[in-house]
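All remarks here apply to the structure that follows.
The values are calculated or read from the model by the stated rules, or taken from the named source; none is laboratory data. Bear in mind that the values here come from a model prediction, so they are computed numbers and not experimental data. Reconstructed Cβ throughout: ideal geometry from the backbone, glycine too, with neighbour counts over all protein chains shown. With ligands, DNA and RNA removed, areas are computed over all heavy atoms of the protein, side chains included. Shrake-Rupley method; radii C 1.70, N 1.55, O 1.52, S 1.80 Å.
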Amino acid sequence: MAIVKVMGIETEYGITIRDGIGFDPIVGCSLLINSYQVLETGKVKWDYEEEDPTRDARESVPPRKLREQPAETTQFINRILTNGARYYVDHAHPEYSSPECTNPRDLVIYDKAGERILDLSRQKAEIIRGRGERIIVYKNNTDSKGNSYGCHENYLLDRKTPFSNIIKDLMPFLVTRQIYTGAGKVGAENGAEPVSYQISQRSDFVEKEVGLETMLQRPIINTRDGPHADAEKYRRLHVIVGDSNMSEYTTYLKVGTT
């Protein structure tokens, strides 16, 4: 019997300020997230105990040294929302991570809720900033200046499934999935051959078939092994090749077919 298909989406948003002088994206992200206040948030903190982005799913790759947990100050820019989502600053981007869902329709709903939360945050942050400037938040994957930020999907898998099978079976699927789930892009970046239009925004920044990294030399199959569950029973498939999508139909297809 197959396990329940638990899944989630983490979306990194682009941020800038129109006509802003000396804009600092990290400060802007912190302002955005701290502007979002709801009565019941309380002081729930993210548990970093099981966090280790250096743990590799490939049995042949030895584990790296565990990283230290983030300082207490990071909690001010790391919120757990009442809908179960996580809303935080990831490097120089605001990020909204959906709660765990058990079907594609619910995941689309929570992903769209994230868009509303970002927009409410933006409106409140503009009032707090009080300079007549417009904060712009983009749900895309590239700033056309050579930088890419991700929309990562996560799927709960049975630990008994050999990772070699995941690589073999998912590689052609994820490559061809871009055809009907890509967000579209004008031009090319990251040293790619010049073109006028592309189906996918993210593809210029995917450079390997298999690997652990998510920020440089990004792979089609990511091997990060952090299940957020019983590690003896489960693994978490971390998919980083997909585009951020505004269309609910596209998001539904993206996670549903996977």
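Structure data summary
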item: Single condition R159 does not satisfy, out of (1) closer than 25 Å to I221 by Cα; (2) basic (K, R); (3) open to solvent by 60 Å² or more (accessible area, probe 1.4 Å); result: (3)
item: Which listed residue is more than 30 Å from R235 (Cα to Cα), more than 18 Å from the chain's Cα centre (by Cα) and modelled with pLDDT under 70, from L31, L66, L39; result: L39
item: Filter result for the condition that a residue is over 25 Å from R235 (Cα atoms), modelled with pLDDT of 95 or more and not charged (D, E, K, R), over I135, I117; result: I117
item: D119 out of contact with any Lys or Arg (no Cβ under 9 Å at 6 or more places or on another chain), among the acidic types (D, E) and surrounded by fewer than 17 Cβ atoms within 10 Å (Cβ to Cβ); result: yes
item: Filtered residue count, segment 186-233, keeping only those that are outside any loop (DSSP other than H, G, I, E, B), open to solvent by less than 70 Å² (accessible area, probe 1.4 Å) and under 17 Å from L170 (Cβ atoms); result: 10
item: Single match in D111, D90 (criterion: modelled with pLDDT of 75 or more, of a type in the set (D, E) and open to solvent by 30 Å² or more (accessible area, probe 1.4 Å)); result: D90
item: Of the criteria (1) assigned to a loop (DSSP other than H, G, I, E, B); (2) open to solvent by less than 50 Å² (accessible area, probe 1.4 Å); (3) modelled with pLDDT of 85 or more, which one T82 fails; result: (2)
item: Candidate set: segment 172-185, residues that are surrounded by 15 or more Cβ atoms within 10 Å (Cβ to Cβ) and more than 17 Å from the chain's Cα centre (by Cα); chosen: the one modelled with the lowest pLDDT; result: K185
item: Matching residues, segment 11-28, being modelled with pLDDT of 75 or more, open to solvent by 30 Å² or more (accessible area, probe 1.4 Å) and not aromatic (F, W, Y); result: T16, R18, D24, P25, I26, V27
item: Close pairs from segment 184-207: first within 13 Å of S144 (Cβ to Cβ), partner of a type in the set (A, V, I, L, M) and crowded, with 19+ Cβ neighbours inside 10 Å, Cβ under 8 Å, at least 6 apart; result: Q201/A183
item: Hits in segment 97-112 - residues which are assigned to a strand (DSSP E or B) and either touching a helix residue (DSSP H, G or I) at 6+ places or on another chain (Cβ under 6 Å) or among the aromatic types (F, W, Y) (or both); result: C101
item: Scope segment 152-185; condition in contact with a helix residue (DSSP H, G or I) (Cβ under 9 Å, 6 or more places away or on another chain), part of a strand (DSSP E or B) and closer than 18 Å to L253 by Cα; matching residues; result: E153, Y155
item: Cβ-Cβ under 7 Å pairs, at least 6 apart or on other chains, segment 2-19 side on the phi > 0 side of the Ramachandran plot and touching a residue at least 40 places away in the same chain (Cβ under 8 Å), far side of a type outside the set (S, T, Y) and surrounded by fewer than 23 Cβ atoms within 10 Å (Cβ to Cβ); result: D19/E133
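Matching residues to (1) among the small types (G, A, S); (2) closer than 22 Å to Y110 by Cβ:
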site	(1), (2)
K168	no, no
T176	no, no
G191	yes, no
E207	no, no
I220	no, no
G226	yes, yes
Y234	no, yes
S244	yes, yes
